[in-house]
Amino acid sequence: MSTQVGHGQQPDSSERTHAMLGERICHHRWQNGVQLWACPRPGRSVSMHLSVAAGALHRQIPGLELPAGTAHFLEHRLFEKQDGDLSARFAALGADIDAETGYTHTSFTCAVQPDAVDPSLRLMARLVQESHFPTEAVEREREIIQREIELYEDHLEWVAFHAATRALYANQPIAEDIAGTAQTLCSIDAETLNQAHTHLYGPDRIQLIIVGPVDNKQTLDLVGELFGSTVSCLNTNLTRPEPAKVVPRRIETSLAVSRPRLWLGVGAASPWDKPHKAMQRELHLEWVLDILLGGASPFFSQHYESALIDAESFGSEIYVDEPFSFCLIGGDTDDPQRLGETLRATLIDSQTPDQIRADVDRARRRAYGELVSSFEDDDSVREFIETAALRSCHPFDLVDLYLETDAEDLIATWDLTIRDREVAWAVVGPHVENRSGD
């Protein structure tokens, strides 16, 4: 167990209201490092989210290198306690609990009725604070995860994404499956899980987000009772994941699909040392790629009409986190080589700055309109808060970025992260030979 009960402490608290959005966000941070973001607002249900800075890339703990897949394995096993499976208790409260392991965080999310907030939050506290890893249960879970991995081996989205990360980062940890492999799973036992839980689930690594019809004072007191008085049994200030080094190459993977899938990957050093820069990078890349390749762009119109791309699958994904910063661009196409060459030419076109200057206001209106619309839904508000909170920023600072960003900001980001960058190629298709190379 990674925590023990200590003396209660009053948190440092702040409250901000955004005039244009009409939303209020309260932030509380206890001395043990636990943080709470609360957004009280009318509604029928409450969206609750708990995030732990324990992801697939957290592999180094004192005296032990964790096998690939440990964080995901731990997420699975946390639901079973000595007195039974917590999933059934969440269900009895009418709460569907979802869990997800990412590269740098593991998260637990559920939506509950207002009168079930107290018992549901108590279950979430037990979920992350208590450890129970009997050997026979660990063996059983290993088989379940192995079957889960096998199911995804024929899943186009999964295969294409991992082909793209391997093409960008070669044999580095970010290119490995978050769930691990059959070989690494065999190296994960009860002691491995205990060590990972002890070092990675300390209170200083926990953030909670609660959105919906809740009373801020009552929520503050409850979180303080459950999380604010816990203290870590050891120093959890661990070595950060090593920055991923971009080593672009081409990977081709055979898969029985109707049309090939192409991802072009473009990576750059992460700006994580300055949290606002990470938010700026992600927002700027979204706007740049919308202007150059989005539905309103000349590129999209021309190549949709020629059937080089299709509207359903074509697009981009952007990932900016502490150890990495990259974007994937592409979709399904009958001619991956031609699409890749056309995309590359568009991304480095010398006329890009002029195109950005001409279209930045439209991109801003579209993005800001989507942002405002997202505040109609509690889950979207929670995701928005999470985006900023995990970057050590206030969510309303992200709102301000939408209004402050100008064309020259976008051009600078394009110049730094896309222009003159080598690209990685990942092609997945029915008549493709499995190969990788420079």
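Points to keep in mind about this one:
- Some residue of region 339-347 being surrounded by 15 or more Cβ atoms within 10 Å (Cβ to Cβ), assigned to a loop (DSSP other than H, G, I, E, B), among the hydroxyl-bearing types (Ser, Thr, Tyr) and in contact (Cβ under 8 Å) with a residue 24 or more places away in the chain: no
- Residue identified as of a type outside the set (Lys, Arg) and exposed (fewer than 15 other Cβ atoms within 10 Å of the Cβ) among 371, 398, 403, 410: 403
- Selection within region 412-427 - more than 30 Å from residue 255 (Cα to Cα) and small (Gly, Ala, Ser): 412
- Close pairs (7 angstrom Cβ cut-off, 6 or more residues apart or separate chains): within 12 Å of residue 61 (Cβ to Cβ) in region 187-201, among the polar types (S, T, N, Q) anywhere: 192/70; 194/131; 196/70; 197/2; 197/131; 198/2; 199/236; 201/2
- Residues (closer than 13 Å to residue 253 by Cβ and either among the aliphatic types (A, V, I, L, M) or in contact with a Cys (Cβ under 6 Å, 6 or more places away or on another chain) (or both)) located in region 161-174: 163, 164, 167
- Counting only strands (runs of 3 or more DSSP E) that sit wholly inside region 216-288, not one has at least 3 residues that are in the same structural domain as residue 360 (by TED's automatic domain parsing), acidic (Asp, Glu) and closer than 30 Å to residue 118 by Cα.
- Answer residue from region 291-337, given it is in contact with a strand residue (DSSP E or B) (Cβ under 6 Å, 6 or more places away or on another chain) and among the small types (Gly, Ala, Ser) and is nearest to residue 414 (Cα to Cα) among those: 325
- Of all the criteria given as (1) part of a helix (DSSP H, G or I); (2) out of contact with any helix residue (DSSP H, G or I) (no Cβ under 7 Å at 6 or more places or on another chain); (3) farther than 22 Å from residue 45 by Cα, the one not satisfied by residue 409 is (2).
- Considering region 296-310, the residues that are surrounded by fewer than 14 Cβ atoms within 10 Å (Cβ to Cβ) and either modelled with pLDDT under 95 or of a type in the set (Ser, Thr, Tyr) (or both) include one that is nearest to residue 357 (Cα to Cα), namely 301.
- Sole residue being in a loop (DSSP other than H, G, I, E, B) and either loosely packed, with under 15 Cβ neighbours inside 10 Å or of a type in the set (A, V, I, L, M) (or both), chosen from 115, 154, 177: 154
- For region 357-386, the tally of residues that are farther than 25 Å from residue 271 by Cβ, free of Cβ contacts under 8 Å to residues at least 60 places away in the same chain and not hydroxyl-bearing (Ser, Thr, Tyr) stands at 6.
- Matching residues in region 43-71 - criterion: being assigned to a strand (DSSP E or B) and either in contact with a helix residue (DSSP H, G or I) (Cβ under 8 Å, 6 or more places away or on another chain) or of a type in the set (Gly, Ala, Ser) (or both): 46, 47, 48, 49, 50, 51, 52, 61, 64
- Every pair of residues 6+ apart whose Cβ atoms lie under 6 Å, when the first sits in region 387-410 and is within 22 Å of residue 102 (Cβ to Cβ) and among the basic types (Lys, Arg) while the second is part of a helix (DSSP H, G or I) and modelled with pLDDT under 95: 391/275; 391/278; 391/279
- In region 292-304, the residues that are outside the structural domain of residue 366 (by TED's automatic domain parsing) form no Cβ pair under 9 Å with any partner that is modelled with pLDDT of 95 or more and of a type outside the set (Asp, Glu), whether six or more places apart or across chains.
- Residue that is farthest from residue 107 (Cα to Cα) [pool: residues in region 180-198 that are of a type in the set (S, T, N, Q) and part of a helix (DSSP H, G or I)]: 183
The values are calculated or read from the model by the stated rules, or taken from the named source; none is laboratory data. Fair warning: this is a prediction, and the values are worked out from it, not measured in the lab. All Cβ positions, glycine included, derive from the backbone under ideal geometry; neighbour counts span all protein chains shown.
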